[in-house]
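Please read the structure below before turning to the comments.
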Amino acid sequence: MPEIVVRKRLFCVEEIYHEGGPPPAKPYRRAAALAVIHNPFTGRHVPEIAFLMDALKPLGIEMASRLADLLGGAAMIQGYGKGAIVGARGEVEHGALWHVPGGYAMREVLGGAKAIVPSAKKVGPPGARLDVPITHIDASYVRSHFDAMEVGASDAPASDEILLALVMTDGPRIHARVGGLAANEIKGEDGLR
Amino acid sequence: MKAQIRKIATFVEETHREADRAIDPPTRKAAAVAVIANPFAGTYTEDLTELISIGEELGQLLAERAVAALGIDPARVESYGKAAAVGEDGELEHAAAILHPRLGAPFRKVLGKGAALIPSSKKRGGLGAVVDIPLGHKDAAFVRSHFDAMQVQINDAPRAGEILVAVAVTDSGRPLPRVGGLTKDEIKGEDGLR
């Protein structure tokens, strides 16, 4: 198994009390865990890259666990998302390596979330910002939980690095009021509704 | 609480490698940032007492949050810093009112010590303004290994009538310090300088 070399880890927790409207009883919280790793595939086209997904699983589990802890434990988590920024000498396909281990890790830690984990990825310079999309963990159509969290690191990704991100939230948007499927109407069978 | 807080964010940054060398234990920095309403937005007000009191309140709150984010005993904090970014309907002096008169005392109280000046930066800026919080050793400003900065930004702040207020703490200096000067082992800790 190839070694995953981590240069940096970053954590961010946002507590949102209001956005001009009446503050809800408990603030809405979003948290992100980032890891900056060396990209072993830079500077050339490497045909076989999928083997790295297994190697990323322990890192994913560690990030997802720490993220859930930051928001008070797995039982608190209602929304999630993931993303990656690939440094300039890599390709966007390298970011796609994060789909399986990132998603697997969050489901594992959350004990069987049903909805697909929304994601965003791109190639970018150090300091690039990524809007990581967020949806409800059990039903993608829950409209109150559609959100995004902007993440990034001032000095990453370097050209031979990948910045990996996982994001979790503990509730609906702060003043959610645009209708649609509500969290208390979830059937929870197909991951959609 | 005097401050009308819209948002609080905490950031932790761990450096595990630098120049392809392992940093073990990693160097760690944390920042706590509050986004508050600026009571004087859009006005010129001579007396800034209200912001000065808000600064005192945030000095304690943000110091506690930042230390908690780092997860260490407050006494183990090695360096610190503070910064503010004022939204477009405010003035630079509003940042000064929060940062300088009274924020430091409660910040130091949380840490148990802090003989050195708390380095600071301020600016006026828009949403997503990038804030570099300067860092210096908390007991001796001349400790060269601990001169650093931590970057923070919040994509939706400060709005025009808001102020972003940040404090940062670390449990370490730069990852591979080697430009000499006073070291932390040589601190006398009497005058806040050496």
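Things worth noting here:
- Yes/no for B:Ala75 being closer than 25 Å to B:Arg144 by Cβ and more than 10 Å from every other protein chain (Cβ to nearest Cβ): yes
- Selection from the stretch A:3-29 of residues that are more than 9 Å from chain B (Cβ to nearest Cβ) and within 20 Å of A:Ala156 (Cβ to Cβ): A:Glu3, A:Ile4
- The residues listed here are B:Leu70, B:Leu48, B:Leu61; of these, the one that is away from chain A (no Cβ under 14 Å), out of contact with any Pro (no Cβ under 8 Å at 6 or more places or on another chain), touching a residue at least 24 places away in the same chain (Cβ under 8 Å) and hydrophobic (A, V, I, L, M, F, W, C) is B:Leu48.
- Residues that are crowded, with 23+ Cβ neighbours inside 10 Å, small (Gly, Ala, Ser) and within 25 Å of A:Gly72 (Cα to Cα) within the stretch A:85-112 comprise A:Gly102, A:Ala105, listed in sequence order.
- Among the residues of the stretch B:23-37, those that are surrounded by 22 or more Cβ atoms within 10 Å (Cβ to Cβ) and either without any contact (Cβ under 8 Å) to a residue 24 or more places away in the chain or touching an Asp or Glu at 6+ places or on another chain (Cβ under 7 Å) (or both) comprise B:Lys29, B:Val35, B:Ile36.
- Every residue from the stretch B:107-133 that is in contact (Cβ under 8 Å) with a residue 24 or more places away in the chain and within 14 Å of chain A (Cβ to nearest Cβ): B:Leu127, B:Gly128, B:Ala129, B:Val131, B:Asp132, B:Ile133
- Note on the stretch A:120-160: among residues that are among the charged types (D, E, K, R) and in a strand (DSSP E or B), the one that is nearest to A:Leu10 (Cα to Cα) is A:Glu150.
- Here A:Pro58 clears all of (1) within 14 Å of chain B (Cβ to nearest Cβ); (2) under 29 Å from B:Leu70 (Cβ atoms); (3) surrounded by fewer than 21 Cβ atoms within 10 Å (Cβ to Cβ); (4) not hydrophobic (A, V, I, L, M, F, W, C) except the condition numbered (1).
- Residue selected from the stretch A:30-45 under the condition at pLDDT 95 or above and more than 23 Å from A:Val109 (Cα to Cα), by the criterion nearest to the other protein chains (Cβ to nearest Cβ): A:His38
- Test for B:Asp20: is it within 14 Å of another protein chain (Cβ to nearest Cβ) and surrounded by fewer than 18 Cβ atoms within 10 Å (Cβ to Cβ): yes
- Residue-level analysis places B:Ala31 outside the set of residues that are out of contact with any Phe, Trp or Tyr (no Cβ under 8 Å at 6 or more places or on another chain) and within 14 Å of another protein chain (Cβ to nearest Cβ).
- Index of the failed condition, A:Ser65 passing every other in (1) within 13 Å of chain B (Cβ to nearest Cβ); (2) under 26 Å from B:Val67 (Cβ atoms): (1)
The values are calculated or read from the model by the stated rules, or taken from the named source; none is laboratory data. Worth saying up front: this structure is predicted, and the values here are computed from it rather than measured. Counting neighbours? That spans all protein chains shown, and the Cβs are built from the backbone with ideal geometry, glycine included.
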